[in-house]
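*Asks:* Below is a structure I'd like to ask you about.
The values are calculated or read from the model by the stated rules, or taken from the named source; none is laboratory data. Quick caveat: nothing in here was measured; it's all calculated off a predicted structure. Heads up, the Cβs are rebuilt from the backbone with ideal geometry, glycines too, and the neighbour counts pull from every protein chain shown. Please note that ligands, DNA and RNA were not included when accessible areas were found on the heavy atoms of the full protein model with its side chains. Shrake-Rupley method; radii C 1.70, N 1.55, O 1.52, S 1.80 Å.
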Amino acid sequence: MSEGLGEEVKTNPQGDVITAAPAPTKEAKKGAAAQRVVDPDYLFLQAPREKTFITGSEAAKEAIRRANVDVAISYPITPQSETMQQVGYLYAEGYVKDYYRGEEEYGVMSAIAGASRSGVRCLSATAGPGLMRGLEVISSWPGGRLPAVLLIMCRVINAPLAIQPDNVELSYMLNTGCLLFHAENQQDFYDYSLAAFMIGEKPEVTLPVAVAVDGFFVTHARGWVSLPAADIKLPPRDCYHEAVPMMDNENPPIRISRDAPIQKSNFISYQMHASWQQEIWAAQERSRKWIDRWLGGLIEVVNPKAKIMIVASGSAVSQSREAVRQAAEQGLEVGLVKIKSVRPFPADEVRAALDHAEKIIVPEFNYVGWLAKEVKSTIRGSERVISGPRVFGGMSMPTELILEYIMGTPNRR
Amino acid sequence: MALETVRVSPGFQKFLPKEYQDLVENGPFTKERKVSELGSFKEILEEHPMCAGCAMTLFIRVALLALPSVENSVIIGTAGCGRLALSQAAIPFVYGNYGDTNAVASGLKRGLSVRFKDKPKDVIVMAGDGGLADIGFSAVMHSWFRKEKFTTVMLDNEVYGNTGGQESGMTQKGMVLKMAPNGKKFEKMDMIGLAKTSGVAYIARIAPTNPTRVATTIRKAVLIAREVGPTYIQAYTSCNIEYAIPTPKVMDDARMVEKDRYGFMEYFTDEAKAYWEKTEADRRKLKGPAEKAESQETK
Ligand code: SF4
């Protein structure tokens, strides 16, 4: 491009600056080749880190750069597109071994199922309507015991059509059997996404992991993220140490197919299917120790003794932190429980953290209030829960609204 | 798969089922088997609940035997009659969601290529006309457009046999079937034409009347897919139940349909043709005159 043309900044209808895909530089390619494998404990917990000011999408990219991904399959959907296109750049630079754009989400999520069965580490990402389109396939991943990572950059589910942030889609993810983490900010999105690969691939877990983040609020906004050096990466997937055989025909020619349907109407079939489903949820529980170890627990508690407690996940946590600070300015101590892992749901931890609370407020970025329902069904004395405030359709949540609930809104159920 | 993984250790001999021992000793894992030998050894397909005399079963039996590397193959299927037999084969079988076969195969093949650089791993989709031409249509077409290196075999019984006889896109125009009570309103989909347009490297249309030819075609398709690009076989595998074909007449029907509208046809792209001719020439050089004679005969 000539110097003169460079002055004109073109944007797409959504206002994003249009840039051509950069060709990978020689330097970048050298970077990928020079990466060395380190122990996950070192990468997650010990490696020196440096702070950088990046968007949520860039944070995801940095996680994938260090994740030693074999196959990434993409499809554009706002606000996810930027991340998966950046994964394309990582592929061009040699950080990811294979990458392509699939036909649409059903095809992409199916292809991830195929790739995961082959024993490679694989990943995709989606948002809102894209998640809904792929959901039939995503729901079958846990039954296939397919450890893949799915990033969800939440957005409104149509209709009416909108591209704004709203995490109602996570209510559909709750019962799929996938592990589900909800990131508060850019730092979480980096940390959770990277740890997700290792947690899902643990032999006793062998499950897909979805890492959700609220679109635009986090994906398109900058925040401080502490990153270890880019020259280290996770060990590769160790597929023969997982719960089920790979579909690579490296096993003896057994007469049972791992994926054969169980459909005959007899007691043994019911029993098999029931136990398989129970096993998925048991495997979720077994992931807890790794979430504790690498993400510092399934929840975080602020002001644990406060009589008024807020429970939140995702970017509602940041709004709640501010509300807690503003309440303190007015002389009121308010506590906060941040839910990092929605699946497995930290039931014991939440019960313990809220046992003493007199009032529990659950602010959410969705209409249905899925988190409030989870909390109510978990704790003793669910009448203590005020399910709200809730905003949706892309609206931001004023901290004053949370404060209003703290200060005296009558219990609304 | 290393043969060593398959072999039974002498110490465990008495504990393993006889059929497994037969499979390892005499099956196609250790040596290439001819169609004429079917029935003389323990084959890879176990008993299955398909209807007696279903032409699809014969086709599947021959196709599995003909795979150039049984021990390095993975089959992908979907809901439908075919998978009742496929899931009983001693080959890993992926059974996913309806219509996802070619998308799953794309990911699987790419993953296997990342993991096994020096060992060809063949991926074969074998599914019905409903699974491939209707609900899985987009995935099939896009796997062809992307030039994914695997074989797609359509078991074309021209009906949804497994769900009790509804029309599919591959049903012939005018057929009266459930969900087509006044006769099907549009022509049988031209999947072969679509495959050509999409740049599929090798395409064949075949009926199960000549098992040796079925075997040769499958072998060709899998080997070309390994090196050149996507391959497609469309096989007439009648549904004797929904089309009320008496079991003893299944082959008569196949011969009639073959003569009428399902004659053997194959198509190569130039690249596939060149590759195949070279492969055959090398094979003849290696195997000698006897082998040459056999391959001529099956043409
Ligand atoms: S229903 Fe038709 S296609 Fe299915 S097994 Fe029976 S005869 Fe074969």
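*Asks:* Could you work out the relative contact order of region A:1-136? I mean the mean sequence separation of Cα pairs under 8 Å and 6+ apart, divided by the number of residues, in percent.
*Replies:* 24 percent
*Asks:* May I pose another question? Taking N as the number of residues in region A:310-370, what is its alpha-carbon radius of gyration divided by 2.2 N^0.38 Å?
*Replies:* That works out to 1.14 for region A:310-370.
*Asks:* Mind jotting down the three principal axis lengths of region A:249-399 based on Cα atoms? Whole angstrom, largest first.
*Replies:* 70, 32, 31
*Asks:* Then there is this: Roughly how large, in nm² to one decimal, is the mean projection of the convex hull of the alpha-carbon atoms in region A:128-273?
*Replies:* 11.8 nm²
*Asks:* I'd like the distance separating the alpha-carbon centroids of region A:293-309 and region A:103-153, in whole Å.
*Replies:* After rounding, the separation between the Cα centres reads 31 Å.
*Asks:* Just how many pairs of Lys in region A:263-341 have C-alpha atoms closer than 24 Å, counting pairs that are eight or more places apart or on different chains?
*Replies:* Lysine pairs, 8 or more places apart or on different chains, close enough: 6.
*Asks:* Moving to a separate point now. Quick one: Kirkwood hydrodynamic radius for chain B, alpha-carbon pairs, angstrom, one decimal?
*Replies:* For chain B, the Kirkwood estimate is 19.8 Å.
*Asks:* Taking every DSSP beta bridge that has both residues in chain B, what percent is antiparallel when rounded to the nearest 5?
*Replies:* So the antiparallel bridges in chain B amount to around 25 percent.
*Asks:* Mind giving me the nanometre distance, one decimal, between the label points for A:Lys305 and A:Glu27, set 7 Å out from Cα along Cα→Cβ?
*Replies:* About 5.4 nm, to one decimal.
*Asks:* Still on this structure, please answer the following. Taking accessible area as the heavy-atom solvent-accessible surface of the protein chains with a 1.4 Å probe, which residues of region B:4-33 lose no less than 30 Å² upon going from the isolated chain to the full protein assembly?
*Replies:* B:Thr5, B:Tyr20
*Asks:* Let me check the size of the protein assembly as shown from its C-alpha atoms; what are the radius of gyration and Dmax in Å?
*Replies:* 28.3, 97
*Asks:* On average over all directions, what projected area in square nanometres does region B:139-256 have, based on the convex hull of its Cα atoms?
*Replies:* 7.8 nm²
*Asks:* Taking only protein heavy atoms into account and a 1.4 Å probe, give the accessible area per residue of region B:194-251 in Å².
*Replies:* Normalised by residue count, the accessible surface of region B:194-251 is 30 Å².
*Asks:* Something else: How much accessible area is lost when chains A and B come together, counting both sides, with a 1.4 Å probe, in Å² rounded to the nearest 100?
*Replies:* Answer for the A-B pair: about 3300 Å² buried.
*Asks:* Could I ask something else about it? Hey, could you pull the Cα Rg and Dmax for chain A, both in Å?
*Replies:* Rg, Dmax (Cα atoms, Å): 21.9, 75.
*Asks:* Treat region A:153-239 as a sphere of radius equal to its Kirkwood radius over Cα pairs and apply Stokes-Einstein at 4 °C in a medium of 1.567 mPa s; give the translational diffusion coefficient in µm²/s, rounded to a whole number.
*Replies:* Reported coefficient: 89 µm²/s.
*Asks:* So what's region A:155-198 giving for Cα Rg divided by 2.2 N^0.38 Å, two decimals?
*Replies:* Normalised Rg, Cα atoms only: 1.37.
*Asks:* Stokes-Einstein at 4 °C, 1.567 mPa s, Kirkwood radius from Cα pairs: D for region B:40-105 in µm² s⁻¹?
*Replies:* This corresponds to a translational diffusion coefficient of 104 µm²/s.
*Asks:* Next question. Give me the three principal axis extents of region B:98-177 from the C-alpha atoms, as integers in angstrom, largest value leading.
*Replies:* 51, 22, 16
*Asks:* Moving on to the next point. Ignoring ligands, DNA and RNA, what percent of the 1.4 Å accessible area of region A:213-348 is carbon and sulfur?
*Replies:* 57 percent
*Asks:* So what's the Cα pair-distance distribution over region A:82-133, bin width 5 Å, in %?
*Replies:* For region A:82-133, the pair-distance distribution reads 5, 19, 27, 26, 17, 5, 0.
*Asks:* Find the Cα radius of gyration of region B:1-146, compare it with 2.2 N^0.38 Å by division, and give the number to two decimals.
*Replies:* For region B:1-146, the normalised Cα radius of gyration comes out at 1.12.
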